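**Student:** For reference, the structure I am asking about is given below.
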Amino acid sequence: MAWKEFAYSPYIFNFDTGEIGHEPTLAVKIHPREDFLPFSTRMLVDSGAYQTLIDAKVGRSIGILDIESGKSTTVTGVSGKVTAYEHSIKLELTELGEFMEINALFVEKMGATGLLGQKDFFAMFNILFEQPKLKFKVEKVKKLGF
């Protein structure tokens, strides 16, 4: 896969002032189980997230009704330490035409739909952020043949 370029997505950064921010996001479909429809959304490409994190409300909407049944772990971020629960999902990166089977962490009251993290997303793709241009590029990592 050659480099694909994407524009940063605008969002309201400050509701009081109306300031608009921009962030690198990709369109995804989260496929949980065969008997539930996939959940379509945009997720932040986050080099600061070690593993892909998804809001627990999204997990429930795709059929993971007992979020706490997953393996629990503590993660640390901007809002401090929180408990996260690991569940296997299929993630369709719709703009890239790629599927990933990953173990995502589901977190209550995350404040975002989801974050694409280093352990899974960044391990499969090279990312080039061009903040001044409000663009980023994504390229699938080439597998080395030995």
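**Student:** Could you tell me how many of the residues in the range 94-126 are touching a strand residue (DSSP E or B) at 6+ places or on another chain (Cβ under 6 Å) and closer than 17 Å to PHE6 by Cα?
**Tutor:** 6
**Student:** Name the single residue, out of those in the range 38-54 being farther than 20 Å from PHE122 by Cβ and in contact (Cβ under 8 Å) with a residue 24 or more places away in the chain, that is nearest to the chain's Cα centre (by Cα).
**Tutor:** The qualifying residue nearest to the chain's Cα centre (by Cα) is SER40.
**Student:** Please enumerate the residues belonging to the range 122-146 that are surrounded by 15 or more Cβ atoms within 10 Å (Cβ to Cβ) and of a type in the set (Asp, Glu).
**Tutor:** none
**Student:** Return the pair list, or none, for Cβ contacts closer than 9 Å from residues in the range 98-123 that are closer than 18 Å to THR73 by Cβ and modelled with pLDDT under 90 to residues that are among the small types (Gly, Ala, Ser) and assigned to a loop (DSSP other than H, G, I, E, B), at least 6 apart or on different chains.
**Tutor:** LYS109/SER79; MET110/SER79
**Student:** Next up: Give the range 66-99 a look and list any residue that's within 15 Å of PHE39 (Cβ to Cβ) and touching a helix residue (DSSP H, G or I) at 6+ places or on another chain (Cβ under 7 Å), or say none.
**Tutor:** Matches in the range 66-99: ILE67, HIS87.
**Student:** Name every residue in the range 65-95 that is over 29 Å from VAL138 (Cβ atoms), out of contact with any Phe, Trp or Tyr (no Cβ under 7 Å at 6 or more places or on another chain) and hydroxyl-bearing (Ser, Thr, Tyr), in order of residue number.
**Tutor:** The answer is SER69, THR74, THR83.
**Student:** Moving on. Look at THR25 and say whether it is within 22 Å of LYS137 (Cβ to Cβ), of a type in the set (Val, Ile, Thr), without any contact (Cβ under 8 Å) to a residue 24 or more places away in the chain and surrounded by 14 or more Cβ atoms within 10 Å (Cβ to Cβ).
**Tutor:** yes
**Student:** Moving on to the next point. Give me the residue from the range 79-121 that is in contact with an Asp or Glu (Cβ under 7 Å, 6 or more places away or on another chain) and among the aromatic types (Phe, Trp, Tyr) and, out of that set, surrounded by the fewest Cβ atoms within 10 Å (Cβ to Cβ).
**Tutor:** PHE99
**Student:** Is there any pair with a first residue in the range 61-76 that is free of Cβ contacts under 8 Å to residues at least 40 places away in the same chain and a second that is among the acidic types (Asp, Glu) whose Cβ atoms are under 6 Å apart and which are 6 or more apart or on different chains, and what are they?
**Tutor:** So the pair list comes out as GLY70/GLU86; LYS71/GLU86.
The values are calculated or read from the model by the stated rules, or taken from the named source; none is laboratory data. As the structure is a computational prediction, the values presented were derived from the model and not from experiment. Cβ atoms come from the backbone with ideal geometry, glycine included; neighbour counts cover every protein chain shown.
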